[in-house]
Amino acid sequence: MPSRALSFGAVSEAYERFRPGYPEELCDTVMAYAGRPVASALEIGAGTGKATRLFARRGIRITATDPDGAMLAELRKHVPGNVETVRAAFEEVRPDARHGLVCAAASLHWTDREGRWPRVAALLEPGGVFASFGGPVGLADAAVAQRVRAARAPFLESDDVPSPDGTSPSSDMQWPGTELVRSAWFTDVRQSVIERRLTMTARDYVGHLSTVSAYLALPGPQREQLFREILGVLPGTVEVDADITVHLARRRRGLI
C-alpha cells in the first residue's frame, strides 16, 4: 500500500482539522508503563503531530519523522519547540541515537514488515519503551452506518486498513501485539483500550473521511460524488466511536 501511505500530504490541513487528537490519558498510560522519566523519543510517521504535541508538552525531546514534507510542515505549526522534524520513511531513519521511547500513532501499518522490529530495537535504549496506538473512527449508530455503507458500495467496497498480519478483529490480541509477542527483541507486551465516543457535525465527519487513505485513492470526481452521497444520508450531527487501542512493549536488555 505504498501509494496510500504517501497520500496524506495533499490533505495535510484537512488532516489536522478533522482527525481527532489524542487524550492526556494516552500519555499517562505510556509514561506509567515506562516507569521512569523519558528524556527523548522518536516518532514514526508523525503526520501533523496529533500525538507529538501530547508527549512534547511533557518535556520530552522528540524527533518526529515522516516521509511527507507537507505533513511535517503542518506539524511544525502546532508543536512546541522541543521537537525536531526529519523527513524520512521509517526504513530510512538512521539509528544514530537511542531513545527512551519509540512511538507510532496510527502509522505503524505503513512500515515494511521485513526487519521492522530489529529497526525499532536499534532506536531504543535497553529497557526502552515501544508504543503503538490508534484505531478507526466509526459511526456509533448502526442504522446510520448501514446507510453510509450502502452509499459507499458503488464506489468503494471498504474503507478499512486490514490487519498487516491477518489478525481477526475478534482476536484477544490485536496487531502489532501479535508480532511483538513473537519478537525476540521485546518483552512485557501489553494491550489496552482507551474508550472514546465523540460527537461531530455531518460535514466534519465527511471531512474526516476526506483524510482516509481509501478515499484518497479514488479519482477526484468519484471521491467528491461519494462524499455528496454520504452527506446526503447523514443526520446533521453524528456520534462516532473512536476507541484507541494501545500496544506497549519493552526492549529486552542484553541484546546488541
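Some notes on this structure:
- Boolean, V233 is hydrophobic (A, V, I, L, M, F, W, C), touching a strand residue (DSSP E or B) at 6+ places or on another chain (Cβ under 9 Å) and open to solvent by 10 Å² or more (accessible area, probe 1.4 Å): no
- Pairs, first more than 28 Å from A242 (Cβ to Cβ) in segment 121-140, second among the small types (G, A, S), C-beta under 6 Å, six or more apart: E125/G100; G128/G100
- Which listed residue is open to solvent by less than 30 Å² (accessible area, probe 1.4 Å) and farther than 30 Å from V206 by Cβ, from A46, A34, A39: A34
- Entirely in segment 15-105, the helices (runs of 4 or more DSSP H) that have 2 or more residues that are β-branched (V, I, T) and either under 23 Å from V137 (Cβ atoms) or in contact (Cβ under 8 Å) with a residue 60 or more places away in the chain (or both): 24-34
- Lone qualifier among T211, T201 - being open to solvent by 40 Å² or more (accessible area, probe 1.4 Å) and within 23 Å of the chain's Cα centre (by Cα): T201
- The set of residues from segment 49-61 being open to solvent by less than 10 Å² (accessible area, probe 1.4 Å) and touching a helix residue (DSSP H, G or I) at 6+ places or on another chain (Cβ under 7 Å) comprises G49, T52, L54, F55.
- Count of segment 228-247 residues which are among the hydrophobic types (A, V, I, L, M, F, W, C), outside any loop (DSSP other than H, G, I, E, B) and either touching a Ser or Thr at 6+ places or on another chain (Cβ under 7 Å) or closer than 30 Å to Q191 by Cα (or both): 4
- Here A106, A131, A89, A145 are screened, and the one residue that is surrounded by fewer than 18 Cβ atoms within 10 Å (Cβ to Cβ), modelled with pLDDT of 95 or more, within 28 Å of L209 (Cα to Cα) and of a type in the set (A, V, I, L, M, F, W, C) is A145.
- Pick from segment 109-120, criterion among the charged types (D, E, K, R) and without any contact (Cβ under 8 Å) to a residue 40 or more places away in the chain, ranking: surrounded by the fewest Cβ atoms within 10 Å (Cβ to Cβ): E114
- For V137, the conditions (1) over 14 Å from the mean Cα position of the chain (by Cα); (2) closer than 21 Å to F18 by Cα are fulfilled apart from (1).
- Qualifying residue in segment 193-203 (condition: closer than 30 Å to L101 by Cα, in contact with a His (Cβ under 9 Å, 6 or more places away or on another chain) and among the hydrophobic types (A, V, I, L, M, F, W, C)): no
- Members of segment 148-172 found to be of a type in the set (G, A, S), within 19 Å of A217 (Cβ to Cβ) and open to solvent by less than 60 Å² (accessible area, probe 1.4 Å), listed by number: A151, S158, S163
- Pick from segment 175-193, criterion out of contact with any strand residue (DSSP E or B) (no Cβ under 7 Å at 6 or more places or on another chain) and open to solvent by 60 Å² or more (accessible area, probe 1.4 Å), ranking: nearest to L108 (Cα to Cα): R182
- Filter pass, V206 being out of contact with any strand residue (DSSP E or B) (no Cβ under 6 Å at 6 or more places or on another chain), at negative phi and modelled with pLDDT under 95: no
- Of all residues making up segment 76-86, the number that are open to solvent by 80 Å² or more (accessible area, probe 1.4 Å) and over 21 Å from T211 (Cα atoms): 2
The values are calculated or read from the model by the stated rules, or taken from the named source; none is laboratory data. Note that the structure is predicted; figures quoted are calculated from it, not measured. Ideal geometry is used to build each Cβ from the backbone, glycine not excepted, and the neighbour counts take in all protein chains shown. Accessible surface is based on the protein model in full, side chains and every heavy atom, while ligands, DNA and RNA are left aside. Shrake-Rupley method; radii C 1.70, N 1.55, O 1.52, S 1.80 Å.
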